[in-house]
Amino acid sequence: MSVPYEKNQKDRVPFETYKARFAQADPKALSAASGVPYDEADGTFSVTLMNKQYTIHHPDFEVVCLSEEATYAPLLTDLETKILLIRYILEGKKAEFKGRFYAYADMPWGNHYNQVFQGRCLKRLAYSFGFQMDKFCRVLESIGGKKIPVGDVGYEFAFLDELRLQFILWEGDEEFPPSAQILFSDNFSSAFQGEDMAAVGDISIGTLKTLAKDI
């Protein structure tokens, strides 16, 4: 999923600002706070994003995808994904996943942004796959998703390292529109703020839609 030109121009200034902060920061301190592994010998952080393994070099934020499959790797090309990841390393706090999942509205900031999240992510997920359940299943399984007994069809998958998502769909028909729910693992609120969580929805849905074109 390429980022529209206007959005690229809007986001480029903050991304360069984050890159400058990243370059000046102590990588070992960033790793200790965020929990993102750092290899001092290679000067690289390691992350796994939607079943793709990447290294991110310090101090220049040069990204390499280690996964061999010739499929879409958003951290290489998508500016929104780069901003999310650099904020994750700079500002995220490591927290253990305790096995619980929450809706966006249940997050500390959820009431303030929930209406935007509904339109930006839930409706987009519903109308992207709510009439294509078979394709939804195939694309989720292609990124390591595991089926869960919720909704008409639901999957749990690793979005970023130990941060997990549940995507749940109710199928649409001639009488009723499709609907969707996205649940976040309980460690998300330590890693990201409210505006970042909406970006998580954007990136994950956009990645699935791109991958679905080849399925």
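The values are calculated or read from the model by the stated rules, or taken from the named source; none is laboratory data. Owing to the predicted nature of the structure, the values given are computational and were not obtained by experimental measurement. Cβ placement follows ideal geometry from the backbone for every residue including glycine, while neighbour counts extend to all protein chains displayed. Each accessible area value is taken on the protein alone, full model and side chains, heavy atoms only, with ligands, DNA and RNA left out. Shrake-Rupley method; radii C 1.70, N 1.55, O 1.52, S 1.80 Å.
Observations on the model:
- Evaluated with a Cβ-only charge set (Lys, Arg +1; Asp, Glu -1), the stretch 93-215 carries a dipole of roughly 300 debye about its Cα centre, given to the nearest 20.
- Probing with 1.4 Å while keeping every protein chain in the model, the per residue accessible area of the stretch 105-159 equals 54 Å².
- Unit charges on C-beta of K, R, D, E only; dipole of the stretch 76-117, Debye: 180
- Interchain or long-range residues, amide H under 5 Å from residue 50's placed H: 160, 161
- The chain, relative contact order [Cα under 8 Å, separation at least 6], %: 22
- Under 20 Å of direct C-alpha separation, and excluding same-chain neighbours fewer than eight residues apart, residue 123 reaches these lysines: 135, 209, 213.
- Unit Cα scatterers, Debye sum, the chain: log10 I(q)/I(0) for q = 0.16 Å⁻¹: -1.14
- The packing ranking of peptides 17-28, 196-207, 132-143, highest mean first, is 196-207, 132-143, 17-28, where packing means the average number of other beta carbon atoms within 10 angstrom of each residue.
- Cα centroid of the stretch 13-89 to Cα centroid of the stretch 92-158, whole Å: 23
- Carbon and sulfur %, accessible surface of the stretch 120-215 computed with the full protein complex present, 1.4 Å: 47
- Assigned charges on the beta-carbon of Lys, Arg, Asp, Glu; the stretch 27-140 dipole about Cα centre (debye): 660
- Among 130, 144, 194, the residue with the largest mean-square fluctuation in a Gaussian network model of the chain, with springs joining Cα atoms closer than 10 Å, is 144.
- Positive-end ranking of 139, 154, 114 along the dipole of the stretch 86-165, with charges on Cβ about the Cα centre, is headed by 114.
- If you take all other residues with their beta carbon under 13 Å from the beta carbon of residue 49, and give Lys and Arg +1 and Asp and Glu -1, the sum is -1.
- Those aspartates and glutamates that a straight Cα-Cα span of less than 13 Å connects to residue 52, excepting residues fewer than 8 apart in one chain: 68, 69, 161
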